[in-house]
Every structure is written in structure tokens, then in C-alpha cells.
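**Q** Structure provided below as C-alpha cells; questions to follow.
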Amino acid sequence: MFQILNEDGKIVNKDDMPDLSDDELKELMRRMVYTRILDQRSIALNRQGRLGFYAPTAGQEASQLGSHFALEKDDFILPGYRDVPQLIWHGLPLYQAFLFSKGHFHGNQMPEGVHALPPQIIIGAQYVQAAGVGLGLKMRGKKAVAITYTGDGGTSQGDFYEGMNFAGAYGANNIFIVQNNGFAISVPRDKQTAAKTLAQKAIAAGIEGIQVDGMDVLAVYAATKHARERAIAGEGPMLIETMTYRYGPHTMAGDDPTRYRSADLDSEWEKKDPLVRFRKFLEGKKLWSEEEENQVIEQAKEDIKEAIKKADQYPKQKVTDFISNMFEKLPNNLVEQMEEYKAKESK
């Protein structure tokens, strides 16, 4: 397993230490702290009924944000439903992320210049889509990649293999990330595959694969940067397995992780917390303080307060919106229905 920082925040792999400035290191920490607060507040907002679908992210910040930090603005993100933080840091306004959770169609409309698709709800489907985007980038001669994410459960889906096989066969500009948090909802990883690692599944597709400490933000960044450089140099796609852990439930839709995870396992992974580890590293370099962290926390809370207020006040969806968004030219049966609902909505 590729690692740069151990659990105590000490460098154990000097040769692969990424060339990041002090400001860049601090920005990485800022994003992780901000995203942890966003996760906590999103869970609270979900319980209040102000958000709809939500998949917790705490514990996976290094995997999500370390990989995103290695990207450029022109790169395309094809996220799974847990990967909203990457979209936000790629340019999706926070209020739109909340609208996505509420099921509002505007939450799926990427602003101009934000190269991303909406979060994919179908497990693994984003891998096939990413392969197509990656091939398109290659054919257009773009120095950009299409990156996609799934969990360990997604590797048991047919789309996972099909997407990687296609990308491998055509040498597409792709990075495939598997965030292995140990459980596909409640099914342990060893119950869904006999493979020793998930990274080795890259071999069948003829592409490079690597297993990375997903609680080590520097290792994830370095591996993703390497994968990006390979892809834009025409050396083909890469699969990165990040060994990570989601502290919360699979989603807020009724999953109870205490039914399939032990307190001892939770405790073991909490000692590997990506924020704690990176904080120790930065404090050792005198780059981070409690005061700076509190400033980030307060800023996150203020931003979230404003964003959820805007999302709450956003115009409600109408049936006519769904009809008009689906078709450029309405079929006859929907023309009739459109008029019917227009009349209802005007009352």
C-alpha cells in the first residue's frame, strides 16, 4: 500500500513526497476541515427534513479531496452520489449541491465552465460514462482527464469492468478511483470478491493499478497526480484503490452501521483519521494552528447557513418543468398533459 504520512503525521516515504508549497498544504487542510463541517451540518439538515438524499463523507476527505487537488479545471469529474465535495471544490455552488440533495433539477445543472456530470445514483454506471468522456478528450487532443469514483461495492458491478476495459482498449484519458471503505452498504468486502485487492482488478483491463492509504491525503494526491500525468502523456488510464473508511452510515436513508460494524473497528479507523494525521504533520511544520482551524469552521458554518437559505427559497419544481426538461419537442400525449398541468399550476 502506497503511503507518505503514517498515522502520527510523520513522513515515511520521502522519495514520493509531493512538491507542494506551504500555501498549498494549508489549502488542502482547509478544504478537509471545511468538508468535515459540511458533512456534519448536512447530516443535521437531513434530520431536520431540510435536505433529502445524503451520503455521509466523514473519514473519506483525504481520498476525495486529495485526488481532486491533483486535477486541473479542464478535467472532467464523473462522481458517485458520495462525491459531492469534489463537485463543490470543482466549482459547483454550495446551494446547488443542496438542491441536488433536495431532488431539484437545478442541482444537476452544472454552471458554465464546471466540467462535471451530476452525481450518479446507479452504482458503477459512472465508470462507463467516464470511459466515453476520457476517449473524447483523447480524440480531441485535450491535455485533460476524466476521473470517476465508486466504492468497493461498485467493483462488483458489470459497468465497472466494462468501463475500464473500454478505456484500457482505447487508451482513454481516464483515472478510475475505488474508495474502499470496507463495506458495500452492509456487505464486507471479502464477501463480494475473492480478489486480494481491488487495485489488482486493473490487470484484467490491461491498465496500471495501485493501492493507496486513503487516509493519507498526500499519498492520494501523489498517486492521482501520477495517474493524470500518465494519461495526458498517452500512457493510458489507471485504477487507484484508496483504503479508507466512512464513519457514518452508507446514506441517511435508514442504514444503521452498528448492525454490521463493531465499535472496535470504528475505533481502529478513528485513529487513522485523515484530518488528525494531516493536522499533526502541518503543526510539526508550524503551518497550522487551532485559531486557523476555528476560522475555517466558522466560515464553513456561515457559508452553509447562506447556501441552505438560498436553496430553501429557490423556486419550487413544477410538473411542467419535468415535462419541458425531458423533450425538445413534446409528443402529442404530453402536449395535452402540459396544457392540463399549466392550467392547474396557474391557479
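Each reported figure results from applying straightforward, stated rules to the coordinates on display, with no laboratory input. None of these values were measured; they are calculated from a predicted model. Neighbour counts run over all protein chains shown; Cβ positions are idealised from the backbone, glycine included.
**Q** All but one of (1) surrounded by fewer than 18 Cβ atoms within 10 Å (Cβ to Cβ); (2) in contact with a helix residue (DSSP H, G or I) (Cβ under 9 Å, 6 or more places away or on another chain); (3) in a loop (DSSP other than H, G, I, E, B); (4) without any contact (Cβ under 8 Å) to a residue 60 or more places away in the chain hold for Phe53; state the number of the condition that does not hold.
**A** The one condition Phe53 does not meet is (4).
**Q** So which helices (runs of 4 or more DSSP H) stay within the range 251-322 end to end and still have 3 or more residues that are in contact (Cβ under 8 Å) with a residue 40 or more places away in the chain, of a type in the set (A, V, I, L, M) and in contact with a Leu (Cβ under 7 Å, 6 or more places away or on another chain)?
**A** Details: elements: 263-270, 274-284, 290-313.
Per the criteria, 290-313.
**Q** If a residue has to be of a type outside the set (S, T, N, Q) and either within 21 Å of Ala219 (Cα to Cα) or in a helix (DSSP H, G or I) (or both) to count, how many in the range 74-91 make the cut?
**A** Residues of the range 74-91 that are of a type outside the set (S, T, N, Q), as a first pass: 74-85, 87-91.
Narrowing further to those that are either within 21 Å of Ala219 (Cα to Cα) or in a helix (DSSP H, G or I) (or both): 75, 77, 79, 82-85, 87-90.
The qualifying residues number 11.
**Q** Considering only the range 200-241, state which residues are buried (at least 24 other Cβ atoms within 10 Å of the Cβ) and in a loop (DSSP other than H, G, I, E, B).
**A** Matches in the range 200-241: Ile207, Gly214, Met215, Asp216, Pro237.
**Q** Give the residues of the range 327-347 that are exposed (fewer than 10 other Cβ atoms within 10 Å of the Cβ) and either touching a residue at least 24 places away in the same chain (Cβ under 8 Å) or in a helix (DSSP H, G or I) (or both), sorted by residue number.
**A** Selection gives Asn332, Asn333, Ala343.
**Q** Given (1) in contact with an Asp or Glu (Cβ under 8 Å, 6 or more places away or on another chain); (2) surrounded by fewer than 12 Cβ atoms within 10 Å (Cβ to Cβ), where does Asp23 come up short, assuming only one miss?
**A** (1)
**Q** Let me ask something else. Step by step: first the residues of the range 8-27, then only those that are within 23 Å of the chain's Cα centre (by Cα) and touching a residue at least 60 places away in the same chain (Cβ under 8 Å), then the one that is farthest from Leu198 (Cα to Cα). Which residue is that?
**A** Lys26
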